[in-house]
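Asks: I'd like to ask you about the structure that follows.
The values are calculated or read from the model by the stated rules, or taken from the named source; none is laboratory data. Only a predicted model underlies this, so the values are computations on that prediction, with no experimental measurement involved. No Cβ is skipped: glycine too gets one built from the backbone with ideal geometry, and neighbour counts run over all protein chains shown. Remember, those area values only see protein heavy atoms, side chains included, never the ligands or the DNA or RNA. Shrake-Rupley method; radii C 1.70, N 1.55, O 1.52, S 1.80 Å.
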Amino acid sequence: YENVPGMLSHDGGNTWKVIKEVFESLNYRIFVDVLNSKDYGIPQDRKRLFVVGFRNQNAVFTFPEKMELNTTMFDYLEDEVAARHYLGRKGFEFVTNPKYKNRARVNHEIIQTQKANQQFNWNGDFVFEEFDPNRHNEEIMNRAYLGTYNGRQGVIRQLSHRECFRLM
């Protein structure tokens, strides 16, 4: 069983109590832990509740040992993404505004947990690309806002669907 860590504290812990009682009523011995993907080789800060159950009451289980993170978000990026992923002026200005630094982040090596609606509301992680006329063709530039970020001129885009899949 896998879920968000908040499941343990939802409704004052009552939801987890019921779930645990169901596993026990079905004669499962369970092992519970909250694991973060960044501790297992994926550059995403994504905590998840894991429950591993066995019908054998004598079963022994140990969750995997943490491992060193050797990659960053940049290792999972595609060389080319569709123009639809690039932000216009409003989006560029939103994600680079320090006021929203807890909602939108640009070029972080370890990304936040990706949210289903981030593609539509400028929340989550974004990629700044320094402007390159060979890479940023007319189609991209018809959509993208060319702005300045950290003293460099370029464009900002969302992670593509494939990049998000890679980071899962």
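Asks: Is there any pair linking a residue in segment 28-43 that is under 15 Å from Tyr76 (Cα atoms) and open to solvent by 40 Å² or more (accessible area, probe 1.4 Å) to one that is in a loop (DSSP other than H, G, I, E, B) and of a type outside the set (Asp, Glu), with Cβ under 6 Å and at least six apart or on different chains, and which?
Replies: Final answer for the pair search is Lys38/Leu69; Lys38/Ile110.
Asks: Taking the residues in segment 125-168 that are in contact with a helix residue (DSSP H, G or I) (Cβ under 6 Å, 6 or more places away or on another chain) and of a type in the set (Asp, Glu) as candidates, determine which candidate is surrounded by the fewest Cβ atoms within 10 Å (Cβ to Cβ).
Replies: Glu139
Asks: Related question: Here are the criteria: (1) within 20 Å of Asp39 (Cα to Cα); (2) at pLDDT 95 or above; (3) outside any loop (DSSP other than H, G, I, E, B). Tell me which single one Asp125 does not satisfy.
Replies: Among (1) within 20 Å of Asp39 (Cα to Cα); (2) at pLDDT 95 or above; (3) outside any loop (DSSP other than H, G, I, E, B), the lone unmet condition for Asp125 is (2).
Asks: Tell me whether segment 83-96 contains one or more residues that are modelled with pLDDT of 95 or more, open to solvent by 40 Å² or more (accessible area, probe 1.4 Å), farther than 30 Å from Asn150 by Cβ and of a type in the set (D, E, K, R).
Replies: No, segment 83-96 contains no residue that is modelled with pLDDT of 95 or more, open to solvent by 40 Å² or more (accessible area, probe 1.4 Å), farther than 30 Å from Asn150 by Cβ and of a type in the set (D, E, K, R).
Asks: Taking the residues in segment 132-153 that are free of Cβ contacts under 8 Å to residues at least 40 places away in the same chain and part of a helix (DSSP H, G or I) as candidates, determine which candidate is nearest to Val95 (Cα to Cα).
Replies: Met141
Asks: In addition: Does Phe63 fit the bill of being surrounded by 11 or more Cβ atoms within 10 Å (Cβ to Cβ), part of a loop (DSSP other than H, G, I, E, B) and modelled with pLDDT of 95 or more?
Replies: It is true that Phe63 is surrounded by 11 or more Cβ atoms within 10 Å (Cβ to Cβ), part of a loop (DSSP other than H, G, I, E, B) and modelled with pLDDT of 95 or more.
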